[in-house]
Amino acid sequence: MSTYGVLGLLFLIAIFGFFFGRIKALSSADGDIKKLHSLPQFYGLNAVFLAFFPPLLVLVIWTFAQSIFVDERIKRELSPWVLAEQSFRNWLVIIGSIIGLVWALTQAKLNFRARPRVEQMILVLLAAAATLAIFTSVGIVLSMLFEALRFFGMHPWTDFFFGSTWAPSFSAGSELSILPLLWGTLYISFVALLVAVPIGLYAAIYLSEYASRPVRAFAKPLLEVLAGIPTIVYGLFALTTFGPFLRKFFGDGGFLGVEWMSDSRSVITAGVVMGMMLIPFVSSLSDDIINAVPQSLRDGSYGLGATQSETVRNVILPAALPGIIGAILLAASRAIGETMIVVLGAGAVAKFAGNPLEALTTITTRIVSQLTGDLEFDSAETLVAFALGLTLFTITLGLNVLALYIVRRYREQYE
């Protein structure tokens, strides 16, 4: 029996346990619910928990450990043994589920405290989910950290953090400085914020202060549709539509007859398209923050004779400014970590340049490039991707923490 077959059987046993747990509890009370300590469904849920989750945990741990410690080649060579081991695992899981079901049915009696037991089990599941999320984050960070330490054992950290050239060479003599990549990342993110922040903020002000209820009900979901578009679609739009349009306008024979732009991939191509992607992000956060400003501040301003525009400019925006700054910082961290748009629209040139019509590269682009292909993680040119990723993670984490601190402080001020 396959793993999926075992899962399906566990589901069937759990469903069986739910209904028969209820029936067993009601039969012990002669059909009178008032005699039971808990509602009948709690007895059924107790059977579900005991018959499904412990065997499921055994199945997941066993399968995960097998995938780690048993190589695929060994599985093929020792296929009879592996099949016997999987059969033993499946029967162990099924028998454990049946034992849990029988145990739950024996507990479904008149005075059994089913509701507190189920609530304790739910609490354990919630705590396990939170713990799993924490350990997943820690595992990701540690995996990057260990590989980054291997990189710094092969390549001097002074060149990585303080050098000025990015020139990987898998033969010898690589210069792997993050500064040109960091410059391209921050430059493109800055252009994206120049597009997203004014448009998103103005859209939020209009929707929260000026738009009628029907207009807001129509425009706000329509604006947030942009947030549901995959980033690869934005990247293709930058590569095939917006970039060639800019090249046609600023290229050879274009604006003033001067070739300002030699490639459709550039800082402004990736930055503007990324800004389009960030508009609903900034707008939605800013709208929530502006709506959180107490109505009493608006009424007080109107009572003093201020117009609506004066109230927005002199009362609402200053009151919402900390939260808006937090929203901008969150948008900046999103822009810094973006991958597909900059891979397709920014270019692959690692250098210091101020012309937004030139191609530059970013940290995420170089991570993709260094890890593309059939590579072994035994050279500095490959392991540098983990050092880049760890640095990028540290930057975005710092921006997120700062933004959440500012937003939390703002919310505490008006709650």
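The values are calculated or read from the model by the stated rules, or taken from the named source; none is laboratory data. What you see is a predicted model, and the numbers here were worked out from it, not measured in a lab. Don't worry about glycine lacking a Cβ; one is built from the backbone with ideal geometry, like all the others, and counts go over all protein chains shown. Surface areas here come from the heavy atoms of the whole protein model, side chains and all, with no ligands, DNA or RNA. Shrake-Rupley method; radii C 1.70, N 1.55, O 1.52, S 1.80 Å.
Could you identify the single residue in ALA359, ALA385, ALA332 that is at negative phi and part of a loop (DSSP other than H, G, I, E, B)? Steps first, answer last, please.
Working: ALA385 fails: part of a loop (DSSP other than H, G, I, E, B); ALA332 fails: part of a loop (DSSP other than H, G, I, E, B).
Result: ALA359 is the single residue among ALA359, ALA385, ALA332 that is at negative phi and part of a loop (DSSP other than H, G, I, E, B).
LEU222 - would you say it is open to solvent by less than 80 Å² (accessible area, probe 1.4 Å) and of a type in the set (A, V, I, L, M, F, W, C)?
Working: open to solvent by less than 80 Å² (accessible area, probe 1.4 Å): no; of a type in the set (A, V, I, L, M, F, W, C): yes.
Answer is no for this residue.
Results for (1) buried (at least 19 other Cβ atoms within 10 Å of the Cβ); (2) among the polar types (S, T, N, Q), shown as yes or no for each residue.
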{"residue": "PHE161", "(1), (2)": "no, no"}
{"residue": "SER164", "(1), (2)": "no, yes"}
{"residue": "LEU181", "(1), (2)": "yes, no"}
{"residue": "PHE190", "(1), (2)": "no, no"}
{"residue": "ILE205", "(1), (2)": "yes, no"}
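Restricting to the range 374-404, and then to whatever is in contact with a helix residue (DSSP H, G or I) (Cβ under 8 Å, 6 or more places away or on another chain), at pLDDT 85 or above and small (Gly, Ala, Ser), can you tell me which residue is surrounded by the fewest Cβ atoms within 10 Å (Cβ to Cβ)?
Here the residue is GLY389.
Rundown of residues vs (1) open to solvent by 70 Å² or more (accessible area, probe 1.4 Å); (2) in a helix (DSSP H, G or I); (3) among the β-branched types (Val, Ile, Thr), yes/no style:
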position: ILE94; (1), (2), (3): no, yes, yes
position: ILE99; (1), (2), (3): yes, yes, yes
position: TRP103; (1), (2), (3): yes, yes, no
position: LYS109; (1), (2), (3): yes, no, no
position: ARG115; (1), (2), (3): yes, yes, no
position: LEU123; (1), (2), (3): yes, yes, no
position: LEU126; (1), (2), (3): yes, yes, no
position: GLY139; (1), (2), (3): no, yes, no
position: ARG150; (1), (2), (3): yes, yes, no
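Within the range 258-276, track down each residue that is in a helix (DSSP H, G or I) and open to solvent by less than 10 Å² (accessible area, probe 1.4 Å).
At the first step, the residues of the range 258-276 found to be in a helix (DSSP H, G or I) are 267-276.
Once the filter is applied, which keeps residues that are in a helix (DSSP H, G or I) and open to solvent by less than 10 Å² (accessible area, probe 1.4 Å), the range 258-276 yields VAL267, THR269, ALA270, GLY271, VAL273, MET274, GLY275.
What residue, of ALA192, ALA217, ALA204, ALA238, is in a helix (DSSP H, G or I), touching a residue at least 12 places away in the same chain (Cβ under 8 Å) and farther than 17 Å from SER266 by Cα? If you could, list the steps in order and put the result at the bottom.
Numbers: ALA192 fails: farther than 17 Å from SER266 by Cα; ALA217 fails: touching a residue at least 12 places away in the same chain (Cβ under 8 Å); ALA238 fails: farther than 17 Å from SER266 by Cα.
Unique residue meeting the criteria: ALA204.
Among the residues of the range 302-316, which ones are open to solvent by less than 50 Å² (accessible area, probe 1.4 Å) and in contact (Cβ under 8 Å) with a residue 12 or more places away in the chain?
To start, the set of residues in the range 302-316 that are open to solvent by less than 50 Å² (accessible area, probe 1.4 Å) comprises 306, 311-312, 315-316.
Within the range 302-316, THR311, VAL312, VAL315, ILE316 qualify.
Which residues, taken from the range 277-301, are open to solvent by less than 10 Å² (accessible area, probe 1.4 Å) and farther than 17 Å from VAL225 by Cα?
ILE290, VAL293
Restricting the search to the range 225-236, which residues are surrounded by 15 or more Cβ atoms within 10 Å (Cβ to Cβ) and either under 12 Å from SER284 (Cβ atoms) or out of contact with any helix residue (DSSP H, G or I) (no Cβ under 6 Å at 6 or more places or on another chain) (or both)? I'd like the intermediate steps shown before the answer.
Residues of the range 225-236 that are surrounded by 15 or more Cβ atoms within 10 Å (Cβ to Cβ), as a first pass: 226, 231, 234-236.
Within the range 225-236, LEU226, LEU236 meet the criteria.
Specify the residue that is nearest to the chain's Cα centre (by Cα); the eligible residues are those in the range 1-49 that are at pLDDT below 85 and open to solvent by 90 Å² or more (accessible area, probe 1.4 Å).
Here the residue is TYR4.
Could you tell me whether the range 35-50 includes any residue that is more than 17 Å from ARG117 (Cβ to Cβ), of a type outside the set (D, E, K, R) and part of a loop (DSSP other than H, G, I, E, B)?
Our first condition is that a residue be more than 17 Å from ARG117 (Cβ to Cβ); within the range 35-50, this holds for 35.
Next, from what is left, pick out any that are of a type outside the set (D, E, K, R): none.
For the range 35-50, residues more than 17 Å from ARG117 (Cβ to Cβ), of a type outside the set (D, E, K, R) and part of a loop (DSSP other than H, G, I, E, B): absent.
Against the condition open to solvent by less than 30 Å² (accessible area, probe 1.4 Å) and either in a helix (DSSP H, G or I) or not hydrophobic (A, V, I, L, M, F, W, C) (or both), how does ILE199 come out, does it pass?
Spelling it out, it is not the case that ILE199 is open to solvent by less than 30 Å² (accessible area, probe 1.4 Å) and either in a helix (DSSP H, G or I) or not hydrophobic (A, V, I, L, M, F, W, C) (or both).
In this structure, is ASP252 among the charged types (D, E, K, R), over 23 Å from THR362 (Cα atoms), part of a loop (DSSP other than H, G, I, E, B) and at pLDDT below 90?
Details: among the charged types (D, E, K, R): yes; over 23 Å from THR362 (Cα atoms): yes; part of a loop (DSSP other than H, G, I, E, B): yes; at pLDDT below 90: yes.
Against the criterion (among the charged types (D, E, K, R), over 23 Å from THR362 (Cα atoms), part of a loop (DSSP other than H, G, I, E, B) and at pLDDT below 90), ASP252 qualifies.
Taking interchain pairs and intrachain pairs at least six residues apart, which have beta carbon atoms under 9 angstrom, with the first residue in the range 286-301 and free of Cβ contacts under 8 Å to residues at least 24 places away in the same chain and over 18 Å from PRO198 (Cα atoms) and the second part of a helix (DSSP H, G or I) and among the small types (Gly, Ala, Ser)?
Hits for this filter: LEU297/ALA319.
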